[in-house]
Each structure stands twice: as C-alpha cells, then as structure tokens.
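Here is the structure we will look at, set down as structure tokens.
The values are calculated or read from the model by the stated rules, or taken from the named source; none is laboratory data. None of these values were measured; they are calculated from a predicted model. Note that we place each Cβ from the backbone using ideal geometry, even for glycine, and neighbour counts take in every protein chain shown. SASA here: full protein model, heavy atoms, side chains in, ligands and nucleic acids out. Shrake-Rupley method; radii C 1.70, N 1.55, O 1.52, S 1.80 Å.
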Amino acid sequence: MKVAAIDIHPLRVPLKGVFRNAHDVKTHQDSIVVCVRTDEGPVGLGNVDPDPGHSAESFAETLKAVRMLAPGLVGRDPLNISAALELMDRALPCHLDAKAVLEMALFDLKGKALDQPVHSLLGGRLRDGLRLNGWIGMLEPDEAAREAAGWRDAGFRSVKIKLGSGVESDRERVAAVRGTVGPAMQLRVDANEAYGVDEAIRLGKALAPLDVALLEQPVARSDYAGLARVRRAVDMPVMADEAIVGPETLVEVVRKEAADIVKVKVMKQGGITRTVRMVDMAEAAGIRCVIGHGFGLTINTLSELHVAASCANVMEGCESVGPLKMGGDVVTRPLDESGGWVAVPDAPGLGAELDPSELERWSVPAP
Ligand SMILES: [Mg+2]
C-alpha cells in the first residue's frame, strides 16, 4: 500500500458559547483536518485544533507546515509511522502540531487497514471507558458555582476551574464552587501562566483549605525553577502544561523537580507515538499524566481517548472534552461526552467516519 494523496482542509467551527481563560477569549475554533488517501482504498483521518497561547506556532504557520510536509509522505508506506516521523523531522524542525495531524491520520489508516482500533496498535486498552473532566472558565463566583453544579448533575466527578483574575478573585471562584458541589467532586485549577512565583505561592496557600486536587501551570512556561519553587511551597500537586512540549521539556521538569503531574496532548506532543513516549518517560520519573485538550473536534479527541485507554500512567478524569464546546463537527457521529463518561471506541482506526457535507460546511479558504 502507498499514500496516493493527502487532502488538507482548514476549518473554522463556532463554539457553543464564549470561553475565557488567562490567554484568550474564544468564540470559534480554527482546525485542520487531513485525509490520507491510499492506492488500495483505506483513508486515514487526522485533526488538530491549534490553540493561540498554547501552540508554539500560529494556525497559519501550522497549516503552511502541513502543506509542506504532506507531499513528502505521498508514495510512501502509510503503515510505517516511524519512517514518516523521521522523514517529517528531517524536513522541518519543531512544528509538532503539524506533524501530529499527519501522524494521527496514519494511525487511523493503519488501524483501518489492519482492522484494529488504535488502542490495539498501542498495546491494547486497559479500560472499557473513560471518566471525563468538566471545565469552568474565568467566571464570576456565582456563575462558576452554577456551572459546577451543572457538571455534577450531568454525571461529572471532577472539574477544572480557570484562574488568573487575581489571587483573591481566584480564591472566591474556587470557594464558591467548593461550597456548591461539596467535598465529593474533584477540583482542578489552571492559571495558564498568569502569575509570578511569589503570587503563585500565595495562590496555592489561599486555595489549600479548599481541597484542590492540582494546581496547573501557575507561572510562565519557561520558568522551570520557578515552578519548582511553587511546588516546594504549596501543599497540593503541581501540574505542568504549557511547560511540557518536546521530550527535552519533560527532562527539564524532572531535573528541576518542577511538577508532580504533567499535562499531555496529542497535538502538543507531536502525535500519538510521541504522546505515549512522554507518558512512559513521565512514569519512569514517578510523574503522573493528565491527557486532554479543551477545544476541538471528535477526531483529535478520539486520538487522546485511545492513548488514555492504553496507558496506566494517565490519570482518571480525561480532559479531552473539546466536543462539548463545539457548535459543529466533521464526523457522522460526533462524540457524546455530555454524561461525563465515554466508551473507548473499538471500531477500526480512531473510530470516526468523515461527514463530507459537514466538512464542506465548516471549510474556510486558506489564510
Ligand atoms: Mg492548561
């Protein structure tokens, strides 16, 4: 089998509302979908949802990189994912988001060609289904508390609260949520780099009585020593997110003892293979992983569910909940995550079929 052609589709999909975190105010998601076609029939689907403030490159740069990398894969064996990754690395340094979308499509194609779900290609699934984690933006305390009650009532057992509006304001938001949901719900908080080290320590101490399960990326992504200082000073696990990109960044976290948990995403880590490697590296260092991305379509989300299902070191409370916020999708059966739990797909590949009319509907001209 050979790759015959790769179609690249830039999309803009509206969100179900307006979402605010320390980086951005979002009303829509720009995404890229690729279809890898072969001379023998199977088609592989990949999708990334680049995120300004998180992604190293802009959406336009990622799209350009996908267009540059894709022709190099045409004519090659689509089942040899190691060779594809090496080829892309030689062609272009960095650009992990662009490499992720192509590698994801090759995984989907390989699963379809071998009649196996992607989790089987990763060794097999350890669980039938995955609990999901809810998400609350940087809202006023009463609004945040109302949303938290909604997540709880829908069946979610954990929720992440976005922080970054000031230590006291953040504490009030978390206190309002805790006061509403009671002790049973796990609360995670994410400051998206909003604080300096001393303020982050103040924040951690202010939140300690509220039983917070993890404090995510309170300081700038490049400040590994600062993150380590926060970790030593506060009485709750610290998670690195923006600070974790390529493997060298995880080595830095390990060396500096900067985090108890690291956040991985298939897009951010440069594909499924590299995400699994990062999860394994973290495990060797005694660091747990949370997987997930907040905004995105079903295909990208499925790739993370397959990784989560096959890696024991990925914590429960999967944050791959993009489809909950999307006002559209490109597959025939978008993931239904509304009950706080999803079954791990056992269909060949990632487990999604493209809906051509929906793909057309959200397509935009190339920037
Ligand atoms: Mg984060």
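Do you know which residues across the stretch 231-257 are farther than 19 Å from Leu96 by Cβ and within 15 Å of the ligand (Cβ to nearest atom)? Give the steps one after another, and end with the answer.
Filtering the stretch 231-257 for residues farther than 19 Å from Leu96 by Cβ gives 231-239, 254-257.
Correct list: Pro237, Val238, Met239.
Give the residue that is surrounded by the fewest Cβ atoms within 10 Å (Cβ to Cβ), with candidates limited to residues of the stretch 191-225 that are acidic (Asp, Glu) and within 16 Å of the ligand (Cβ to nearest atom). Step through it out loud before you land on a result.
Here is the first cut: in the stretch 191-225, the ones acidic (Asp, Glu) are 193, 198-199, 211, 216, 223.
Filter again for within 16 Å of the ligand (Cβ to nearest atom), leaving 193, 216, 223.
On the way: Glu193: 22, Glu216: 25, Asp223: 19.
Looking at residues that are acidic (Asp, Glu) and within 16 Å of the ligand (Cβ to nearest atom), I get Asp223.
Residue by residue, here is whether (1) open to solvent by less than 40 Å² (accessible area, probe 1.4 Å); (2) modelled with pLDDT of 95 or more; (3) in contact with a Cys (Cβ under 9 Å, 6 or more places away or on another chain) holds:
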site	(1), (2), (3)
Ala258	yes, yes, no
Val264	yes, yes, yes
Asp280	no, yes, yes
Ile287	yes, yes, no
Val290	yes, yes, yes
Gly328	yes, yes, no
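Inspect the stretch 197-216 for any residue being under 15 Å from Leu163 (Cα atoms), basic (Lys, Arg) and either modelled with pLDDT of 95 or more or in contact with a strand residue (DSSP E or B) (Cβ under 6 Å, 6 or more places away or on another chain) (or both) and give the result as yes or no. The answer is yes; a qualifying residue exists.
For the stretch 294-302, does any single residue satisfy the condition of being open to solvent by 10 Å² or more (accessible area, probe 1.4 Å), closer than 16 Å to Asp51 by Cβ, among the small types (Gly, Ala, Ser) and within 16 Å of the ligand (Cβ to nearest atom)? I'd like the intermediate steps shown before the answer.
Looking only at the stretch 294-302, we keep the residues that are open to solvent by 10 Å² or more (accessible area, probe 1.4 Å), and these are 294-295.
In the following step, the residues that additionally are closer than 16 Å to Asp51 by Cβ were identified as 294-295.
When the remaining residues are screened for being among the small types (Gly, Ala, Ser), the result is 294.
Okay, now just the ones that are also within 16 Å of the ligand (Cβ to nearest atom), so 294.
The answer is yes, given that some residue of the stretch 294-302 is open to solvent by 10 Å² or more (accessible area, probe 1.4 Å), closer than 16 Å to Asp51 by Cβ, among the small types (Gly, Ala, Ser) and within 16 Å of the ligand (Cβ to nearest atom).
Scan the stretch 61-80 for residues that are within 21 Å of the chain's Cα centre (by Cα) and farther than 13 Å from Ile8 by Cα and report the count.
1
Which ones in the stretch 266-278 are away from the ligand (no atom under 16 Å from the Cβ) and open to solvent by 10 Å² or more (accessible area, probe 1.4 Å)? Within the stretch 266-278, Thr273, Arg274, Val276, Arg277 qualify. Ala70 meets the conditions (1) open to solvent by less than 40 Å² (accessible area, probe 1.4 Å); (2) closer than 26 Å to Val344 by Cβ; (3) at pLDDT 95 or above in every case but one. The failed one is (2). Restricting to the stretch 226-250, name every residue that is open to solvent by 40 Å² or more (accessible area, probe 1.4 Å) and over 20 Å from the mean Cα position of the chain (by Cα). Answer for the stretch 226-250, where residues must be open to solvent by 40 Å² or more (accessible area, probe 1.4 Å) and over 20 Å from the mean Cα position of the chain (by Cα): Arg229, Arg231, Arg232, Asp235.
If you go through the stretch 156-190 and keep only what is part of a loop (DSSP other than H, G, I, E, B), away from the ligand (no atom under 16 Å from the Cβ) and open to solvent by less than 30 Å² (accessible area, probe 1.4 Å), you end up with Phe156, Gly166, Gly182, Met185. Taking first residues from the stretch 258-273 that are assigned by TED's automatic domain parsing to the domain that holds Pro247 and more than 14 Å from Glu248 (Cα to Cα) and partners that are open to solvent by less than 10 Å² (accessible area, probe 1.4 Å) and in a loop (DSSP other than H, G, I, E, B), the Cβ contacts under 6 Å between residues at least 6 apart in sequence or on separate chains come to Lys263/Asp241. Contact annotation: residue pairs with Cβ atoms under 6 Å, 6 or more positions apart or on different chains, pairing a residue in the stretch 324-349 that is within 25 Å of Ala148 (Cβ to Cβ) with a partner that is charged (D, E, K, R) and at pLDDT 95 or above, are Leu324/Glu337; Trp341/Arg131. On the given criteria, is Pro323 more than 16 Å from the ligand (Cβ to nearest atom) and either open to solvent by less than 10 Å² (accessible area, probe 1.4 Å) or farther than 20 Å from Leu102 by Cβ (or both)? Yes; evaluated as a whole, the condition is true for this residue.
Consider the stretch 350-367. How many of its residues are outside any loop (DSSP other than H, G, I, E, B) and crowded, with 20+ Cβ neighbours inside 10 Å?
Initially, the stretch 350-367 is screened for residues outside any loop (DSSP other than H, G, I, E, B), giving 354, 356-363.
With the extra rule that they be crowded, with 20+ Cβ neighbours inside 10 Å, the set shrinks to 362.
Of the residues in the stretch 350-367, 1 are outside any loop (DSSP other than H, G, I, E, B) and crowded, with 20+ Cβ neighbours inside 10 Å.
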